[in-house]
Amino acid sequence: MKHIKNFLLYKLFPVCSILLISLFVLSLSISIPIYFRQFYYVHIDMLELSEKSGFTENEIRESYNEVLDYLTLPDREFSVGVMRYSDDGKAHFEDCKKLFSLNTSVLLLSATLILLIYIILKMKGLSVPYIKKYPTYFYSGILTLILPAVIGVLFGTNFDFAFTLFHKVLFPGKSNWIFSASKDEIIKVLPEAFFMNCIILVCISILILSAILIISGIYDSKKTKQSNMHPER
């Protein structure tokens with residue numbers, strides 16, 4: 001029994017903590033361009049979407065809001081405002097809704113579990129688990145840095161290839177993500193430049209959150225080391 005308890009406390013628990021915090025950082029970063037709609041609104045003028053698409057700014061906002069409401073809220077009927085759409089286009093957004101729901105579920109679940117772990121540690125009078133000389137969240141910061149590094153290399157080297165690969169991985173065996181502007185007019189106001197900026201925002205968010213975790217981990221490690229060297233008498 002003691003061996004099992006030590007394994008859970010000193011091996012499995014720290015690893016689970018690292019993964020949970022990493023999942024929280026990733027899902028939170030992905031959620032920022034999804035739920036912060038103002039990020040899209042600034043692109044309407046910046047990318048001259050009204051002039052290029054033939055739709056007014058209000059129509060573009062309405063269509064975008066309708067799509068985002070469908071993707072992020074339960075029990076919403078699919079709509080793209082005044083714009084035309086095809087059955088394939090609708091089917092693609094149905095697939096996207098599943099991914100959006102998955103990301104939101106991961107965000108809420110990881111946040112809940114992290115909060116529960118923190119409460120349990122406080123109640124038991126325990127500190128955040130360490131691996132070697134750093135707390136677990138330090139390693140979460142290191143782990144989450146891998147994703148923006150890989151994404152940056154892929155999209156920085158060849159955006160079109162990376163964009164295609166991204167869709168083939170997320171939507172295996174499907175081609176309905178390839179929109180025709182005449183059939184699915186929403187694509188006129190969702191250009192690649194916007195998606196590229198979304199990716200940049202996600203990567204920047206990951207980098208900032210990872211940096212906070214790493215710097216906090218280094219600071220707490222030094223603080224713990226100093227307190228061990230100079231214990232209170």
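The values are calculated or read from the model by the stated rules, or taken from the named source; none is laboratory data. Remember, predicted model here, so these are calculated numbers, not experimental data. Virtual Cβ from ideal backbone geometry, glycine too; neighbours counted across all protein chains shown.
Worth pointing out:
- The set of residues in segment 98-154 being more than 22 Å from the chain's Cα centre (by Cα) and hydroxyl-bearing (Ser, Thr, Tyr) consists of 118, 127, 130, 134.
- Qualifying residue in segment 46-68 (condition: among the β-branched types (Val, Ile, Thr), assigned to a helix (DSSP H, G or I) and either touching an Asp or Glu at 6+ places or on another chain (Cβ under 7 Å) or within 25 Å of residue 209 (Cβ to Cβ) (or both)): no
- Within segment 198-220, the set of residues being of a type in the set (S, T, N, Q) and surrounded by fewer than 18 Cβ atoms within 10 Å (Cβ to Cβ) comprises 216 only.
- In segment 123-162, residue farthest from residue 199 (Cα to Cα) [restricted to those that are of a type outside the set (Val, Ile, Thr) and in a loop (DSSP other than H, G, I, E, B)]: 125
- Filter result for residue 50 (surrounded by 14 or more Cβ atoms within 10 Å (Cβ to Cβ) and touching a residue at least 12 places away in the same chain (Cβ under 8 Å)): no
Each row is one residue, and each column tells you yes or no for (1) closer than 29 Å to residue 20 by Cβ; (2) out of contact with any strand residue (DSSP E or B) (no Cβ under 9 Å at 6 or more places or on another chain); (3) free of Cβ contacts under 8 Å to residues at least 12 places away in the same chain.
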| position | (1), (2), (3) |
| --- | --- |
| 96 | yes, yes, no |
| 101 | yes, yes, yes |
| 105 | yes, yes, yes |
| 108 | yes, yes, yes |
| 120 | yes, yes, yes |
| 125 | yes, yes, yes |
| 131 | yes, yes, no |
| 134 | yes, yes, no |
| 164 | no, yes, yes |
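- Residue within segment 79-97 that is under 16 Å from the mean Cα position of the chain (by Cα), surrounded by fewer than 19 Cβ atoms within 10 Å (Cβ to Cβ) and not hydrophobic (A, V, I, L, M, F, W, C) present: yes
This table checks each residue for (1) modelled with pLDDT of 95 or more; (2) in contact with a Phe, Trp or Tyr (Cβ under 9 Å, 6 or more places away or on another chain); (3) among the hydroxyl-bearing types (Ser, Thr, Tyr).
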{"site": "29", "(1), (2), (3)": "yes, no, yes"}
{"site": "45", "(1), (2), (3)": "yes, no, no"}
{"site": "69", "(1), (2), (3)": "yes, no, no"}
{"site": "74", "(1), (2), (3)": "no, no, no"}
